[in-house]
Number of protein chains: 2
Amino acid sequence: MSRTKARAALLQELEEAMRRSSAQGVLYGQTVANVAGIANSDLECMDILYLEGRVTAGRLAEVTGLTTGAITGVVDRLEKAGLVRRERDDADRRKVFIAVVPEAIERVGQFYVPMQQAMEKVFGGYSDQELRLLLRFANEGYKGVLAATAALKGLLDTPPEKRPDLKLKKLRRQP
Amino acid sequence: MSRTKARAALLQELEEAMRRSSAQGVLYGQTVANVAGIANSDLECMDILYLEGRVTAGRLAEVTGLTTGAITGVVDRLEKAGLVRRERDDADRRKVFIAVVPEAIERVGQFYVPMQQAMEKVFGGYSDQELRLLLRFANEGYKGVLAATAALKGLLDTPPEKRPDLKLKKLRRQP
DNA sequence: GCTAAATCTCTTAGTAACTAAGATATATAT
DNA sequence: ATATATATCTTAGTTACTAAGAGATTTAGC
């Protein structure tokens, strides 16, 4: 096998391995939501709030791709559960900031313990230098995925008849 | 900063970076479903079918965590869209295998092109040896996530009053 | 072999969470 | 000031989900 061909094979194997592990990551998230007894979108918003801190309802809609109406429902449920608080912005009173209540971090975070333990075990098999490489990849990968998401979203703005549409939604069973 | 403390900080940074990039990965998947015009679960099943090949309806339910009734709906939509075919097992006629129709790979796969391109660009910055490290990590990480998912699912079998429940579901807005 | 239990998918009825459109409240621009 | 824009919420209708159970087929016990 030639040098470049070996690399091509490596890249393909890597792509599949990443795809597989990220698919399993999605399933872990679904399981967390399930065990915690909250909707998937609710957990996703908690995750965004954890990473971004206090954000507006509109920002949640933007990031998750949900409508603002759907976000109202998400925040209603999370607020009623005592996980987040609505905080009106005094500078611009149209805005509503959503903030995680302190104890919620722990209440939700406990369900990530199995994942953290598994990851600590995996990381244990790597040297500091190797971990730094993984960190570099994680950061670059994040930026790559972010760019890819933006590129894909661009397709939504292209005229629908000009892009291939699978037309799967709004299908009802045959009588 | 001491040697071990440096590693602890590195691990924490790594965890956050992974969490961030995997969250963005979820969003990419949602965007694909959106652009393709199919439900999230439908795409998830297509992904499983791509990775595992021909699988039974029951296996899809097991892997996705959906009920078999929900899978019937997923497969109905995918079949009507011409992306999969139901194939009754002749050896055990209760079983229904779901198989991706050949052209569907391309029809769905096109939406992963932006991601592949972004990843190729990222991978370009790594030597073969480094890529092999990433591959090793991806494989070990997959196993770790798989184990973590199983561990978390174990909580579902523990008596609900014995485990911390967020009790968020089935909440309705106040009148 | 024949009956009972188990297994696999599908059906049905009801529910939760979503979208689309527009209402409301506040902010910005002319 | 008035008009336009922005941010969230509300309402009505839709979609995809669950729970429970009905077929259809297979496996186990006698």
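The values are calculated or read from the model by the stated rules, or taken from the named source; none is laboratory data. For clarity, every value in this text was computed on a predicted model and none was experimentally measured. All Cβ positions, glycine included, derive from the backbone under ideal geometry; neighbour counts span all protein chains shown.
When the range B:1-56 is filtered for residues that are surrounded by fewer than 17 Cβ atoms within 10 Å (Cβ to Cβ), among the aliphatic types (A, V, I, L, M) and out of contact with any Lys or Arg (no Cβ under 8 Å at 6 or more places or on another chain), the ones remaining, listed by number, are B:Met1, B:Ala6, B:Ala8, B:Ala9.
Within the range B:50-106, the set of residues being over 21 Å from the mean Cα position of the chain (by Cα) and of a type in the set (Gly, Ala, Ser) comprises B:Ala81, B:Gly82, B:Ala91. The combined condition, being touching a residue at least 24 places away in the same chain (Cβ under 8 Å) and of a type in the set (Lys, Arg), is fulfilled by B:Lys95. Within the range A:59-88, the set of residues being loosely packed, with under 14 Cβ neighbours inside 10 Å and more than 8 Å from DNA strand C (Cβ to nearest atom) comprises A:Glu62, A:Arg86, A:Glu87, A:Arg88.
With respect to A:Leu51, is the statement that it is within 10 Å of chain B (Cβ to nearest Cβ), in a helix (DSSP H, G or I) and modelled with pLDDT under 95 true? Yes, satisfied.
All conditions but one from (1) over 16 Å from the mean Cα position of the chain (by Cα); (2) free of Cβ contacts under 8 Å to residues at least 12 places away in the same chain apply to A:Ala36; the one that does not is (2). Apart from one condition, B:Met18 fits all of (1) more than 9 Å from every other protein chain (Cβ to nearest Cβ); (2) away from DNA strand D (no atom under 12 Å from the Cβ); the exception is (1).
Say whether the condition of being over 30 Å from A:Pro114 (Cα atoms) and within 11 Å of DNA strand D (Cβ to nearest atom) is met by at least one residue in the range B:55-72. Yes; the residues of the range B:55-72 include at least one that is over 30 Å from A:Pro114 (Cα atoms) and within 11 Å of DNA strand D (Cβ to nearest atom).
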